[in-house]
Amino acid sequence: MTTRISALAYPAAALSLASLAWTTWSLVDLLGTGPIGLTVAAGADIIWASVILAEARGLHIAGRRWAVPAVGWAALLVVAALLAWHGLDRDSAAMAIAGPFLPLGAKGIWALALADMRDPAALTPEQEAEIHGVMRHAEYAARIAAAERALLDRRTDAAIDHIRAEARALLARDEADFEIRLERLGKEADLARRTPLAISAPPERVRESAGFEQAATEAINAIGEHEHGAREHPANTPNTNAPSPNRIREQIANKATTSTNTDREQPSVITLVREHVARTANNTDAVRAVMAARPDANKDSVAAAVRRERRRTDSRDGYA
């Protein structure tokens, strides 16, 4: 590496110009003034100048510092040989000796000038090669890290796209379910509005009537027995076993009250249907439980009541 221009660079440049001029004339005179001579002369001049510039810049070939000077000396020897051949072709010993001397002298002066311009504290080629190796490794590691980050970014983008696609599919499925649920609720409401109402007497009133009819039947039987006993016994013979009319009325009233109270203690079918629909998951279990509690109920009526209560419960939960 050079840091300043040496004083030897000026005479080396002058000798180089003179050498280029001499080399060009000699090659054109040796090979002729045609295209071949001009081409060879120009090529020699270009090689000569390029080698000098490469040595001034301190270029290395494959990490070897001596490679560029070796190329320069090899090109110089070829040019010197051509100049000597030109002198011999002219039958001039002076030209054969002086001709190669000019480029050889310029090459020597340039070698001195470059050595003078080189920094003594500059790194050796081995040290520079080591530094360049570290720089290459750092650049390699940086590019590897950048490639890995780019790959990770692409994988992350792909995963995000997949998640978004799944979310869109789930949202579409939920919307479809919601629309189906709304349509189903609307149809159930239409069916409920179109179903005729079944008006029947309350179960408690039916049980009370049945208890009263039973008590009345017993009263009639008791009164018949009393009258039959009165006919069989004479008036002068009192029937001590026959109850009095007041006693019969009291027993009839107690019987009717007791029968009514006993029937009222049993839960109604509607109450049982509501309880077992809330407890069970399907209508069959609810019907079976209601019939077990009230075996005297109509199974078809119980099943219809369970279905209506189930629809009402589902509709209420759906709107909630």
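Before moving on, here are some points about what is shown:
- Filtering the stretch 6-21 to residues that are among the hydrophobic types (A, V, I, L, M, F, W, C) and either assigned to a loop (DSSP other than H, G, I, E, B) or touching a strand residue (DSSP E or B) at 6+ places or on another chain (Cβ under 8 Å) (or both) leaves Ala7, Leu8.
- For the stretch 100-114, a residue qualifies if it is in contact (Cβ under 8 Å) with a residue 40 or more places away in the chain and not β-branched (Val, Ile, Thr), and the qualifying residues are Leu102, Pro103, Gly105, Ala106, Trp110, Ala111, Leu112, Ala113, Leu114.
- Against the criterion of being touching a Ser or Thr at 6+ places or on another chain (Cβ under 9 Å), touching a residue at least 12 places away in the same chain (Cβ under 8 Å) and not β-branched (Val, Ile, Thr), Ala49 qualifies.
Table: residues versus (1) farther than 16 Å from Gly58 by Cα; (2) within 60 Å of the chain's Cα centre (by Cα).
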residue	(1), (2)
Leu102	yes, no
Ala115	no, no
Glu130	yes, yes
Ala138	yes, yes
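- Candidates Gly211, Gly186, Gly133 - the one that is at pLDDT below 95 and either in the same structural domain as Asp314 (by TED's automatic domain parsing) or within 30 Å of Arg312 (Cβ to Cβ) (or both): Gly186
The values are calculated or read from the model by the stated rules, or taken from the named source; none is laboratory data. Model, not experiment: these values are computed from the prediction. Backbone-built Cβ (ideal geometry, glycine too); neighbour counts: all protein chains shown.
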